[in-house]
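Encoded as C-alpha cells, the structure appears first; notes follow it.
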C-alpha cells in the first residue's frame with residue numbers, strides 16, 4: 001500500500017483527492033514557469049558581470065518572493081479550503097494528514113529547488129568573475145622594491161596586505177592586493193566551495209556525519225585556495241563542527 005493510500009473510496013473523497021493533486025501540480029508548474037521565464041534576463045545579467053555578483057542578490061530576492069514565498073502561501077490558503085471540505089465529508093484524521101503531507105512535500109521541494117538554483121547561479125557567476133579577473137591580472141608582472149627596484153616574492157593572487165622586507169636593501173614594502181583579486185574570496189571562492197559541498201549540506205540536515213563532512217569539504221576548499229588565511233578558516237570550521245557534534249548547528253539549515 002502506498003504512502004498516500006486510503007481505504008476511503010467514497011466518490012466525494014476521491015474527488016477531493018483529485019482536486020488537491022491537481023492544485024499541487026499547478027503550483028509546481030507555476031514555479032517552473034516563473035523560473036523558465038527568468039532564464040533569458042538572468043543570462044543577460046550573467047553576460048554583463050564584471051567583478052562581483054551583487055546584481056543577483058536583489059533579483060534572487062524577488063524570484064524567491066514570487067516563487068517559494070508566494071506559492072507556499074497559496075498552498076496554505078488552498079489547504080484552508082480543502083480541509084474544510086474534508087471535514088464536511090467526515091474524512092478520517094489519517095486521510096486528512098495524508099493530503100496535508102502532499103502540501104508539506106511541495107513546500108519542502110520548492111524551497112530545495114530554489115536553493116539549488118541559487119547555488120548554481122552564484123557558482124556560474126563566480127566562474128565568470130574569475131575569468132574576468134584572470135584577463136585583467138598580469139600573472140607574469142614583477143613586483144619590485146620601491147627603494148631599490150629589486151624583485152619581491154609577492155603572490156599575484158594574494159588576498160591579504162603584506163609587509164615584506166627587501167633582501168637587497170632591507171627596506172620594508174607594503175603590498176596591497178588588487179581589489180579585484182580580493183573580491184575573488186567573497187564572490188568566487190565561497191560560492192565554488194558551496195557548490196562542491198552542497199550535496200553534503202543537504203544530507204547534513206538529517207545526518208551529523210554528513211554535516212561534518214560538509215564543513216570539512218567547504219572549508220578545505222577555502223584553505224587550499226586561500227592558504228594565507230588557513231588558520232582563520234580552520235578556527236571557523238572547528239567551531240561549526242563542534243556545534244554539529246553538540247547537535248546544535250545554527251548554520252547548516
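The values are calculated or read from the model by the stated rules, or taken from the named source; none is laboratory data. This structure is a prediction, so every number in the text was calculated from the model and none was measured. Cβ sites come from the backbone with ideal geometry, for glycine too, and all protein chains shown count toward neighbours.
Restricting to the stretch 48-75, what's the tally of residues that are in a helix (DSSP H, G or I) and either without any contact (Cβ under 8 Å) to a residue 60 or more places away in the chain or outside the structural domain of residue 121 (by TED's automatic domain parsing) (or both)?
Step one: of the stretch 48-75, the residues in a helix (DSSP H, G or I) are 55-75.
Imposing the further condition that a residue be either without any contact (Cβ under 8 Å) to a residue 60 or more places away in the chain or outside the structural domain of residue 121 (by TED's automatic domain parsing) (or both) reduces the set to 55, 57-59, 61-75.
Of the residues in that region, 19 qualify.
Can you tell me which condition residue 100 does not meet? The list is (1) exposed (fewer than 14 other Cβ atoms within 10 Å of the Cβ); (2) in contact with a helix residue (DSSP H, G or I) (Cβ under 8 Å, 6 or more places away or on another chain); (3) free of Cβ contacts under 8 Å to residues at least 40 places away in the same chain, and all the others hold.
Here residue 100 clears every test but (1).
Any idea which of (1) crowded, with 18+ Cβ neighbours inside 10 Å; (2) under 11 Å from the mean Cα position of the chain (by Cα) is the one residue 106 doesn't satisfy?
(2)
Would you point out which residue out of 72, 84, 140, 94 is within 30 Å of residue 17 (Cα to Cα), surrounded by fewer than 13 Cβ atoms within 10 Å (Cβ to Cβ) and either touching a helix residue (DSSP H, G or I) at 6+ places or on another chain (Cβ under 6 Å) or at pLDDT below 95 (or both)?
Values: 72 fails: surrounded by fewer than 13 Cβ atoms within 10 Å (Cβ to Cβ); 84 fails: either touching a helix residue (DSSP H, G or I) at 6+ places or on another chain (Cβ under 6 Å) or at pLDDT below 95 (or both); 140 fails: within 30 Å of residue 17 (Cα to Cα).
Going through 72, 84, 140, 94 in turn, just one is within 30 Å of residue 17 (Cα to Cα), surrounded by fewer than 13 Cβ atoms within 10 Å (Cβ to Cβ) and either touching a helix residue (DSSP H, G or I) at 6+ places or on another chain (Cβ under 6 Å) or at pLDDT below 95 (or both): 94.
Could you list, in sequence order, all residues of the stretch 221-239 that are surrounded by 15 or more Cβ atoms within 10 Å (Cβ to Cβ) and in contact (Cβ under 8 Å) with a residue 24 or more places away in the chain?
If the condition is that a residue be surrounded by 15 or more Cβ atoms within 10 Å (Cβ to Cβ) and in contact (Cβ under 8 Å) with a residue 24 or more places away in the chain, then 221, 222, 225, 226, 229 are the ones that fit.
In the stretch 161-200, how many residues are in a loop (DSSP other than H, G, I, E, B), modelled with pLDDT under 85 and surrounded by 13 or more Cβ atoms within 10 Å (Cβ to Cβ)?
Our first condition is that a residue be in a loop (DSSP other than H, G, I, E, B); within the stretch 161-200, this holds for 161, 166-171, 176-178.
Then keep just the ones that are modelled with pLDDT under 85; that gives 161, 176-178.
Adding the requirement that they be surrounded by 13 or more Cβ atoms within 10 Å (Cβ to Cβ) leaves 177-178.
Qualifying residue count, the stretch 161-200: 2.
Assess whether residue 35 counts as being surrounded by 11 or more Cβ atoms within 10 Å (Cβ to Cβ), in contact (Cβ under 8 Å) with a residue 24 or more places away in the chain and in a helix (DSSP H, G or I).
On the way: surrounded by 11 or more Cβ atoms within 10 Å (Cβ to Cβ): yes; in contact (Cβ under 8 Å) with a residue 24 or more places away in the chain: yes; in a helix (DSSP H, G or I): yes.
Judged against the criteria, residue 35 is a match.
Which condition does residue 188 not pass, out of (1) closer than 30 Å to residue 70 by Cα; (2) in contact with a helix residue (DSSP H, G or I) (Cβ under 6 Å, 6 or more places away or on another chain); (3) not assigned by TED's automatic domain parsing to the domain that holds residue 61, if it passes all the others?
If we test residue 188 against (1) closer than 30 Å to residue 70 by Cα; (2) in contact with a helix residue (DSSP H, G or I) (Cβ under 6 Å, 6 or more places away or on another chain); (3) not assigned by TED's automatic domain parsing to the domain that holds residue 61, just (1) comes out false.
Quick test of your reading of the structure: residue 249 fulfils all but one of (1) buried (at least 20 other Cβ atoms within 10 Å of the Cβ); (2) without any contact (Cβ under 8 Å) to a residue 60 or more places away in the chain; (3) in a helix (DSSP H, G or I). Name the failing condition by number.
(3)
Show the residue pairs that are 6+ apart or on different chains and have beta-carbon atoms under 6 Å apart, the first residue being within the stretch 76-89 and farther than 17 Å from residue 10 by Cβ, the second being at pLDDT 95 or above and in a helix (DSSP H, G or I).
Here the result reads 78/23; 79/103, each pair linking the stretch 76-89 to a residue that is at pLDDT 95 or above and in a helix (DSSP H, G or I).
Based on what the data block shows, is residue 81 in the same structural domain as residue 34 (by TED's automatic domain parsing) and either outside any helix (DSSP H, G or I) or farther than 16 Å from residue 24 by Cα (or both)?
On the way: in the same structural domain as residue 34 (by TED's automatic domain parsing): yes; either outside any helix (DSSP H, G or I) or farther than 16 Å from residue 24 by Cα (or both): no.
So residue 81 does not fit the description; no.
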